[in-house]
Amino acid sequence: MPIDPRPRRRSLLATGVTGAAALLLTGCSRERPTAAERRLASADERLRRAAARGSAALLARYDRTLAAHPDLAGRLEPLRADVARHVRAFGGTESGGPGSPKASGSPGGSPSPKAARGAGAGVPADPGRALSALAKAE
């Protein structure tokens, strides 16, 4: 009779129950986090906030670029949406600035020329260079 090298159901079940019991026992062994765990949580929180700020700054740059070059919307909107998801995932908030496509109320809304100038501040006038600057910021 050949020997089946695969583990049996009983041994898998026993391993799973033993592992779960070990996790429960170690998880309930103390109530308060240690100083090292608090420092690690604090460092994690600082990194998360920094990532949220960085993503929010990039999102604002997308908004300025879209305000200065609305003809790039087809290419940039999906990328902007990804960055907006990153901002939310890190716990930040989207704050579409004046003249941003999202702040104007409609995705295709066009800001006034004055708002577009203010919103597009720091964006190169050439669309190719604007894309390059955005890629570099990314």
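Residue pairs whose Cβ atoms lie under 9 Å apart, sitting 6 or more positions apart in sequence or on different chains, and linking a residue in the range 29-52 that is outside any helix (DSSP H, G or I) to a partner that is open to solvent by less than 80 Å² (accessible area, probe 1.4 Å) and at pLDDT 80 or above, are Pro33/Ala41.
Within the range 81-98, restricting attention to residues that are assigned to a loop (DSSP other than H, G, I, E, B) and open to solvent by 60 Å² or more (accessible area, probe 1.4 Å), which residue is nearest to Pro127 (Cα to Cα)? Looking at the filtered set, the residue picked out is Pro98.
Here the range 53-74 is the region considered, the condition is being over 15 Å from the mean Cα position of the chain (by Cα) and free of Cβ contacts under 8 Å to residues at least 40 places away in the same chain, and the residue that is nearest to Gly122 (Cα to Cα) is Leu66. Residue count for the range 42-80 satisfying the condition of being surrounded by fewer than 19 Cβ atoms within 10 Å (Cβ to Cβ), within 21 Å of Arg129 (Cα to Cα) and of a type in the set (A, V, I, L, M, F, W, C): 5.
The values are calculated or read from the model by the stated rules, or taken from the named source; none is laboratory data. All of these numbers come straight from a predicted model, not from anything done at the bench. Positions of Cβ are backbone-derived with ideal geometry, glycine not excepted, and every protein chain shown enters the neighbour counts. These accessible areas exclude ligands, DNA and RNA; they are computed on the full protein's heavy atoms, side chains included. Shrake-Rupley method; radii C 1.70, N 1.55, O 1.52, S 1.80 Å.
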